[in-house]
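Scroll down for the structure; my scribbles are underneath it.
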Amino acid sequence: MTTKKQKGWKDLIKGGLIIEARNSVKYRTGAWRSLRPIRDKSRCNNCLLCWVYCPDSSIIVENEKIKEIDYQHCKGCGICASECPVNAIIMIDESDIKDEAEKKGGKDG
Ligand code: SF4
Ligand code: SF4
């Protein structure tokens, strides 16, 4: 009778390796999003709480003010909208966006 040898850890296919630091920026995770945060600039006081809480570093800040939302990487979790103290961010359904350029990513200006 022959016994089948079990695979050892060295025989397994490698996976889940991050061999290059900061490579996540190469992947357009914004395509996963079903809801899109929209910022009302007239309400926003640039407190930057949304920037602090965004888990995907998708709130882009320049000179201590929000420059834009990076829709190429924002996954639409809605944390920014929940944390905004003045309700300056609303989440809208991606399917409500009709403009093709907007759908592909665009950036909040
Ligand atoms: S929806 Fe989530 S990922 Fe997108 S900007 Fe807001 S906190 Fe960041
Ligand atoms: S949390 Fe709200 S008010 Fe503060 S910077 Fe973000 S959008 Fe503006």
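The values are calculated or read from the model by the stated rules, or taken from the named source; none is laboratory data. Here the structure is a predicted model, which is why all the values come from computation and not from measurement. FYI the Cβ positions are ideal-geometry reconstructions off the backbone, even for glycines, and counts take in every protein chain you see.
Among residues belonging to region 73-94 that are of a type in the set (Gly, Ala, Ser) and in contact (Cβ under 8 Å) with a residue 40 or more places away in the chain, point out the one that is surrounded by the fewest Cβ atoms within 10 Å (Cβ to Cβ).
Applying the filter and picking the extreme gives 78.
Only residues that are assigned to a strand (DSSP E or B), under 16 Å from the mean Cα position of the chain (by Cα) and near ligand 2 (Cβ under 10 Å from one of its atoms): list them for region 55-101, please.
Matches in region 55-101: 59, 61, 66, 69, 89.
Quick check, is residue 43 modelled with pLDDT of 95 or more, among the basic types (Lys, Arg) and either surrounded by 14 or more Cβ atoms within 10 Å (Cβ to Cβ) or part of a helix (DSSP H, G or I) (or both)?
Against the criterion (modelled with pLDDT of 95 or more, among the basic types (Lys, Arg) and either surrounded by 14 or more Cβ atoms within 10 Å (Cβ to Cβ) or part of a helix (DSSP H, G or I) (or both)), residue 43 does not qualify.
Filter region 59-70 down to the residues that are surrounded by 17 or more Cβ atoms within 10 Å (Cβ to Cβ) and out of contact with any Ser or Thr (no Cβ under 9 Å at 6 or more places or on another chain), then identify the one that is farthest from residue 25 (Cα to Cα).
66
Please specify each residue of region 52-82 satisfying the condition of being within 13 Å of ligand 1 (Cβ to nearest atom) and more than 18 Å from residue 33 (Cβ to Cβ).
Residues satisfying the conditions are 52, 61, 66, 67.
Scan region 22-35 and give yes if some residue there is over 23 Å from residue 102 (Cβ atoms), more than 12 Å from the chain's Cα centre (by Cα), at pLDDT below 95 and assigned to a loop (DSSP other than H, G, I, E, B), otherwise no.
Checked region 22-35: at least one residue is over 23 Å from residue 102 (Cβ atoms), more than 12 Å from the chain's Cα centre (by Cα), at pLDDT below 95 and assigned to a loop (DSSP other than H, G, I, E, B).
So the check is Cβ under 9 Å with 6+ separation or different chains; which pairs have a first residue in region 44-58 that's over 19 Å from residue 30 (Cα atoms) and free of Cβ contacts under 8 Å to residues at least 40 places away in the same chain and a second one that's near ligand 1 (Cβ under 10 Å from one of its atoms) and part of a loop (DSSP other than H, G, I, E, B)?
Close Cβ pairs satisfying both conditions: 47/84; 49/84.
Find the residue count for region 1-55, including only residues that are closer than 15 Å to residue 75 by Cα and in contact with a helix residue (DSSP H, G or I) (Cβ under 7 Å, 6 or more places away or on another chain).
Total meeting the criteria: 9.
Do we have any residue at all in region 5-25 that's surrounded by 10 or more Cβ atoms within 10 Å (Cβ to Cβ) and basic (Lys, Arg)?
Scanning region 5-25, I find no residue that is surrounded by 10 or more Cβ atoms within 10 Å (Cβ to Cβ) and basic (Lys, Arg), so the answer is no.
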